[in-house]
Amino acid sequence: MNKAALAAAALGAITISALAAAVVGSGPSAGTASSHREAPLISEDPSADNTDLYAFRSPDKPSTVTIVSNWIPGEDPAAGPNYYTFSPSAKYNIHIDRNGDARPDITYQFRFGRTAGPAFLGNTVQSWSVWRNKKLLARGKTPPNNIGPRSTPNYRNLAAKGVVKAGDTLIFAGQRDDAFYGDIGSIFDLVGFRKGTGSTGGGKDFFAGYAVHAIALQIPISELKAKNSTIGVWSSTERQNVTVDGKLHRGWTQVSRIGNPLVNEVVVPTPFKDAWNRSAPVNDKQYAGPVVTPVLAKLMNQLYKLNAPETDRDDLVAVFGTGVKGLNYTGPTVADLLRLNYSIPVTPAGKVSRLGVIGGDNAGFPNGRRLGDDVIDIAEQVMAGFLKGNKVPLGDGVDGPDVPAMSFFPYETDPAGGAANTKGLQK
Ligand SMILES: [Ca+2]
Ligand SMILES: [Ca+2]
Ligand SMILES: [Ca+2]
C-alpha cells in the first residue's frame with residue numbers, strides 16, 4: 001500500500017476506534033475507562049467482566065502474534081484475605097476470525113478449577129485447561145496472586161513457571177498489573193482536563209497499582225492463515241444457567257465481550273449495554289446508529305467548544321466495524337473486532353508512538369493494540385475530528401502506564417504485591 005493510502009486508512013481506523021474509545025473515555029455517562037464496569041449487569045459480576053483486549057506482533061518474536069485478554073477490573077493487590085480468582089463456573093473465550101465474516105474460525109476456551117480451599121491467605125493457585133476449537137490443547141496452573149514477600153517470594157520466578165508451551169504456542173493465565181492507564185476520575189467528571197487540553201501531563205492514573213486477571217497466548221503467524229494477513233479478535237465470557245432479566249437461560253449464556261477498547265462504554269447507549277454484552281459481533285450492525293451521531297462529540301462541543309463534527313460520521317462506522325482499507329480491512333461485515341494486520345512489521349522500541357496510527361506508527365492501535373497504546377488520547381482526538389482536520393491536542397494528561405510492559409511473554413507485567421499496599425496511606 002502506498003503511504004498516503006496507509007495514512008488515510010490509519011486515520012479512518014483510528015476514527016472508528018477513537019470514536020468508540022473517545023466516547024468511552026470521555027463520556028461522563030459511560031462506564032469506566034476501556035471496559036471496566038461498563039454495563040449495569042456485568043458490573044455485579046467482576047470475575048466474568050472483560051476489561052481490555054490487546055493483539056500485536058510479538059516484539060521479541062515477530063514470527064508470532066500475542067493476544068492478551070484481561071478480566072476482573074480494579075483488583076487491589078492488598079485487598080485480602082479473600083483474593084481474586086477466575087471463576088470456576090465460567091468459560092473464558094478468545095476468538096479469532098480469519099476471513100472477515102465476524103464468525104470465529106479459531107476459539108481458545110479456558111476453564112479454571114477451584115483453589116484447594118477458599119482463596120484465603122494467599123491460596124490462589126488455580127488449575128486450568130484450554131481447548132482449541134473444542135480439542136484439548138493444554139493444561140496448566142496459574143501462579144498465585146502476588147500476596148507479598150513472605151507468602152509469594154521471588155514472584156517473577158513464580159509467574160515464569162505459569163507459562164505453558166503447547167506445540168509452538170505459549171499460554172499464560174493469572175494475575176497481572178493492569179496495563180491500562182488513564183485519568184478516569186477526571187474524565188467522568190464531565191470530561192474534565194486537569195491541565196490545559198490534556199496534552200501536557202498533569203493527569204492522575206487511576207489504574208496505577210491495580211491488577212487484573214489475564215489470559216495470554218502467543219501464536220505462530222504460520223497458524224493464523226488469515227485473509228489479507230488480517231485477523232479479527234474478540235474475547236468473551238460465558239456463564240451457565242444464569243438468570244438474565246428474570247429469565248433462566250439453559251446451557252451457557254455469554255455475559256461479557258470485548259473487541260476494541262471503550263466501545264460498549266462509549267458507543268452503545270446505556271439501555272442496550274447489557275444486550276450488547278450478550279450479543280455476537282456478527283450482529284453489531286444494529287449498534288452502528290449511535291456512532292454516526294456521537295453523543296460525546298456533542299457533549300465535548302457544549303463543554304469546550306471544540307468544533308467536533310457531530311453528524312455524518314459514517315466513515316467512523318465503516319472504520320470501526322470493518323477495518324480500514326489499505327490498513328486492516330476485513331470486508332463489509334460490520335462487527336466490533338480488534339483487527340490486526342500482522343504483515344505490518346513491529347515498530348522498533350525507540351520509534352513507537354503511544355498514539356499508534358495517528359502518531360504515524362502503523363503497528364499500534366487501531367491496527368491491533370499494544371499494551372502501551374494511549375487509547376484514551378487517541379479516542380479523544382479522533383472524536384474531536386482529527387480525521388476531518390480538526391486536530392485538537394486532547395488527552396487525559398496520563399501518557400503511559402505506572403509500570404512498563406515486560407519485553408517478553410506475557411509482556412503485561414507482574415502485579416504489585418499486596419503487602420506493599422501501594423494505595424495505602426502511611427500514618
Ligand atoms: Ca470467520
Ligand atoms: Ca498499571
Ligand atoms: Ca492518555
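Read the figures in this text as sums done on the coordinates, not as results from a lab. These figures come from a predicted structure and were not determined experimentally. Here Cβ is always computed from backbone atoms with ideal geometry, including for glycine, and neighbour counts include all displayed protein chains.
Using a Gaussian network model of the chain whose springs link C-alpha atoms within less than 10 Å, name the residue from PRO348, PRO415, PRO220 with the highest mean-square fluctuation. Checking each option, the largest mean-square fluctuation is seen for PRO348. When segment 3-388 is described by a simple charge dipole with +1 on each Lys and Arg Cβ and -1 on each Asp and Glu Cβ, the residue from PHE206, ASN260, ILE221 located farthest towards its positive end is ILE221. Around the amide H of LYS141, modelled in the peptide plane, lie the amide H atoms of TRP128, all under 5 Å away and 5 or more residues distant in sequence or on another chain.
Placing unit charges on each Cβ (+1 for Lys and Arg, -1 for Asp and Glu) gives segment 267-397 a dipole about its Cα centre, and among ALA349, GLY364, LEU306 the Cα reaching farthest toward its positive end belongs to ALA349. Only DSSP H runs of four or more residues enter the estimate; each adds -39500 (n - 2.57), and after division by the residues of the chain the mean residue ellipticity at 222 nm equals -5000 deg cm²/dmol. For LEU338, neighbours were defined as the other residues whose beta-carbon sits under 14 Å from its Cβ, and their charges (Lys and Arg +1, Asp and Glu -1) total +1. Each peptide in 171-182, 89-100 receives the mean, over its residues, of other Cβ atoms within 10 Å, and ordering these scores from highest gives 171-182, 89-100.
Among the DSSP helices (H) of the chain, those spanning at least 27 angstrom by Cα along their long axis with an average Kyte-Doolittle hydropathy of -1.0 or more are 3-26; this is a geometric and hydropathy rule only.
Distance from the Cα centroid of segment 262-298 to that of segment 345-379 is 24 Å (rounded to whole angstrom). Dipole magnitude for segment 3-388: about 1160 debye, using +1 per Lys or Arg Cβ and -1 per Asp or Glu Cβ, origin at the Cα centre.
Scoring 296-309, 325-338, 391-404 by mean Cβ neighbours within 10 Å over their residues and listing the highest first yields 325-338, 391-404, 296-309.
I'd like the distance between the alpha-carbon centres of segment 404-427 and segment 74-102, rounded to an integer number of Å. Using only Cα atoms, the two centres lie 19 Å from each other. Taking all Cα pairs closer than 8 Å and separated by 6 or more residues, the relative contact order of the chain comes to 28 percent.
Rounded to whole numbers, the Karplus 3J(HN,Hα) couplings from phi for segment 284-293 are 6, 4, 4, 9, 5, x, x, 6, 5, 10 Hz, using 6.51 cos²θ - 1.76 cosθ + 1.60 with θ = phi - 60°, and x at Gly and Pro. For the chain, the Kirkwood hydrodynamic radius comes to 21.2 Å, computed from all pairs of different C-alpha atoms.
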